[in-house]
Amino acid sequence: MRAPIAALLSLACVVPAQAMADTHSPEEIAAHRREILQTLWEPGEGDFAANVRRTCFLGGQPKHVMEDRGKGVYFTPDAADLCVTALTRLGRDRQLPEQYRKLVEAIGGDVTIVATLPRSMSDAAIGGQGTVAVGNGKAANIRPSMAFDAGFTVAFQEGSAVPAGSIDEARLKAVTEACLGDQQGASACASIGYLQGSRAYKQQASSR
């Protein structure tokens, strides 16, 4: 059993930033980041995955990563890797709708629309709309990070096929990071989320 992810992330907190940079090679840092991502799959880390996903949903994960690394916690994985891994874990566990339930409840909307909300939000974002109806006369603003999550959720839950064509992995990751930090248009983020969700579903399906 690996150490809890919170403990792994805290290992670097007691080490000065310069000392961390001096004593750990890029290869070691990359290996620790992979280990942290793998820990998200542990049976006892479902709640932590949900918390990571919530931060991603609200556009805060890139900032958290930047702050951690500014304190010398270089082991913190990139936001794109954290968010996609957390979403994939929750997709496997059939927990993707839960964030939408929380959103609707917080706004005072109608929880009976939760199952269709990711599709409604994704479609609204692609259509250039800044809000989506959540019932009871309420509406939710659509952040780019939410549009990304909605696109991912739709693709994963529907088992969508990966769109044809070659993929520039570096570009995909860069745009994913921008979406998660609300630095990209919501329409593009819904589409990028859909692509990431279809890829994640394919990977999960092939590993069963």
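Summary of computed values
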| quantity | calculated |
| --- | --- |
| Computed label-point distance, nm, for sites Lys63 and Thr112 using a 7 Å Cα→Cβ extension | 3.7 |
| Residue-count net charge about Gly135 - beta-carbon cut-off 15 Å; Lys, Arg +1, Asp, Glu -1 | +2 |
| DSSP H segments from the chain that extend 30 Å or more along their own axis, Cα-based, with Kyte-Doolittle mean of -1.0 or above | 186-207 |
| Cα centroid separation - the stretch 41-67 against the stretch 73-144, whole Å | 14 |
| Rough spin-label spacing in nm, given labels placed 7 Å along Cα→Cβ, for Arg171 and Arg94 | 3.8 |
| Lysine pairs in the stretch 55-202 with Cα atoms under 18 Å, if 8 or more residues apart or on separate chains | 4 |
| Extension reserve of the Lys202-Asn51 stretch, reckoned as 0.36 nm per residue once the Cα distance is removed | 52.0 nm |
| Order of Ile167, Ile142, Ile126 under a 10 Å beta carbon neighbour criterion, fewest first | Ile167, Ile126, Ile142 |
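Laboratory data are not the source of any read-out in this text; all were calculated from the coordinates shown. Keep in mind it's a predicted model, so treat the numbers as computed, not measured. Here Cβ is always computed from backbone atoms with ideal geometry, including for glycine, and neighbour counts include all displayed protein chains.
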